[in-house]
Amino acid sequence: MNPPIALGYPARVPAVLADRLAKHYRVADKKPGLLGTFAHFFNRRTKTVEAVKGVSFAVEPGEIVGFLGPNGAGKTTTLKMLTGLMEPTAGQCEVLGQRPFARHPSLLQQITLVMGQKQQLMWDLPAADSLRINAAVYDIAPREADRRAAELAEMLGVTDELTRPVRKLSLGQRMKVELIAALLHRPKVLFLDEPTLGLDINAQTAVRDFLRTYNAEQGAAMLLTSHYMADITALCERVILIHEGLVIHDGGLDALLERFAPFREVALDFDTNHPAPSSESLARFGDVESHQGHAATLLIGRDGLASAVAAIMADLPVADLTIHDPPIEQVINRAFETGTADKDGEVDDG
C-alpha cells in the first residue's frame, strides 16, 4: 500500500511530494455509430474515468527519478498536476513546499516542464528571439540572459543554430534549443515528459549528457518519463512504475530486477565438434528462451544459478558461456503484464 505522506516536513522539504494524488474525468458514455449519437443527443449519459487513482511519492532535491508506465497509465496527467496545469480531484501535492495549482510566481520561477511533443519556440523567428522573450517573462536581465543562453548552447553544441529560424532547425537541434528555453531561468525542479522523443542516437546521448551535467551543477531535481530505456538507465538510479493510475513499484533499478526479473539470462555457445544439444536436454537447466543450432539462451532463477551453471558445464559441450540480466525493457514490460495493483495500491506479482 502507498502510505500517506505528511506534507510540509519541518526539516528537509522534498522537491516534489505527491500524497494520494488522484484525477478523475467525466466523459460522455455514448454507443458507437449514428444511432448511438442520435440516442445520446436525447439521453446524455456520462461516466467517470480515473486517470490517476491515488499516487504517493517524494523526490528529493538533486534526485533524478524515472517515472514509467504504458500509454494511458497516468504519467502525463500526474506531471500536469505537479506543475499546476491541472487541479487534483483528490489528494495533495507540493513542489518546493508550495501548492502547484496556486500558480504562485515564486514557484513558477523555479520549475519547468519539458514535453517532447510540444514546443514553445516561435516557428518563423530565430531561436535567439524566442529565448529573449522567455528571459523577459522570467525578468532576467538581457545581458545575463544572453550569457546563460550562450553557456547552455555551448554545452548542447547549438551555438550557431540560435541565429537561424526555428523552422530551419532539425528535430534534434530544435529539441536542444527547447531545453535552453526551458532552463534559461535555472529551475530547481525539472519535469521531463519524453525529452528525447523522436531524436536520433547522437542527439539522445547529447541531451542525456546535458541533463546529467545540469543536475550536477545546479542540484536540480528531475522527474523523467521516457519510452527510451537508455534515458532511464543512463540518468536514474530510482524508478517509479505507474500502471492504470496506481504506483506498482518505487525503488532502485536493482530492486526492480529482483522483483520482476528473478532470473538471469545464460547465453551458451556449444562446441561445433559435438552434436548440438536438444531443447529437451536444455530444459533440464532452465527455461529455453531461444535455441538455434549450437547456440541457446536459457532463463535461470537467480537462487539456483550457480548450481545450474555448474551442471551445464559438467554435462554439455560448452565452448562459451555468458550471464547477464535481461534487458530493462523486458523487465518493465513484465512488470506491467504481471504486476497488478489493487484499489489500495497493493501489488500482486502473480
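Summary table below
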{"read-out": "Of Ala136, Val65, Val247, farthest towards positive along the dipole that unit charges on Lys, Arg, Asp, Glu beta carbons give the chain", "value": "Ala136"}
{"read-out": "In the stretch 82-175, the trypsin sites (Lys or Arg not before Pro) that fall in loop regions by DSSP, at most 13 other Cβ within 10 Å", "value": "Arg103, Lys118"}
{"read-out": "Convex hull volume of the stretch 102-244 per residue (C-alpha atoms, cubic angstrom)", "value": "123"}
{"read-out": "Residues whose placed amide H lies under 5 Å from that of Arg302, excluding near-sequence neighbours", "value": "Phe263, Arg264"}
{"read-out": "When the chain is reduced to its Cα atoms, the Kirkwood hydrodynamic radius in Å", "value": "23.3"}
{"read-out": "Shape call, the stretch 1-150: gyration tensor on alpha carbons, a/c limit 1.5", "value": "oblate"}
{"read-out": "Placed amide H near His249: partners under 5 Å, 5+ positions off or other chain", "value": "Leu241"}
{"read-out": "With 5 Å bins from 0: P(r) over the stretch 172-266, alpha-carbon pairs, percent", "value": "2, 11, 21, 23, 17, 12, 9, 3, 1, 0"}
{"read-out": "Extension gain, Ile133 back to Glu154 (0.36 nm per residue minus Cα-Cα distance, nm)", "value": "5.6 nm"}
{"read-out": "Solvent-accessible area, 1.4 Å probe, carbon plus sulfur percent, for the chain", "value": "52"}
{"read-out": "Virtual paramagnetic centre 7 Å along Cα→Cβ of Asn202, amide N under 13 Å, in the stretch 129-160", "value": "157-158"}
{"read-out": "Two-site label geometry, Thr213 and Glu60: point separation in nm, points 7 Å out along Cα→Cβ", "value": "2.6"}
{"read-out": "Overall form of the stretch 58-122 per C-alpha gyration tensor (a/c, 1.5; a/b vs b/c)", "value": "rounded"}
{"read-out": "Loop-located trypsin sites (Lys or Arg not before Pro) in the stretch 282-338 whose Cβ has at most 15 other Cβ within 10 Å (DSSP)", "value": "Arg284, Arg302"}
{"read-out": "Per-peptide average of other Cβ atoms within 10 Å, ordering 154-163, 184-193 highest first", "value": "184-193, 154-163"}
{"read-out": "Residue-normalised accessible area of the chain, expressed per residue, 1.4 Å probe, Å²", "value": "50"}
{"read-out": "For His185, distant residues with modelled amide H under 5 Å away", "value": "none"}
{"read-out": "Label-point gap, in nm, between Arg99 and Ala255 - each point 7 angstrom along Cα→Cβ", "value": "3.1"}
{"read-out": "Karplus-derived 3J(HN,Hα), 6.51/-1.76/1.60, for each residue of the stretch 191-198, Hz, glycine and proline x", "value": "9, 10, 10, 6, x, 10, 4, x"}
{"read-out": "11 Å reach of a label modelled at Lys31, 7 Å along Cα-to-Cβ, counting backbone N of the stretch 49-80", "value": "none"}
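The values are calculated or read from the model by the stated rules, or taken from the named source; none is laboratory data. From a predicted model like this one, the values you see are computed outputs, not experimental measurements. Positions of Cβ are backbone-derived with ideal geometry, glycine not excepted, and every protein chain shown enters the neighbour counts. Protein only, heavy atoms only, side chains kept; ligands, DNA and RNA dropped before computing areas. Shrake-Rupley method; radii C 1.70, N 1.55, O 1.52, S 1.80 Å.
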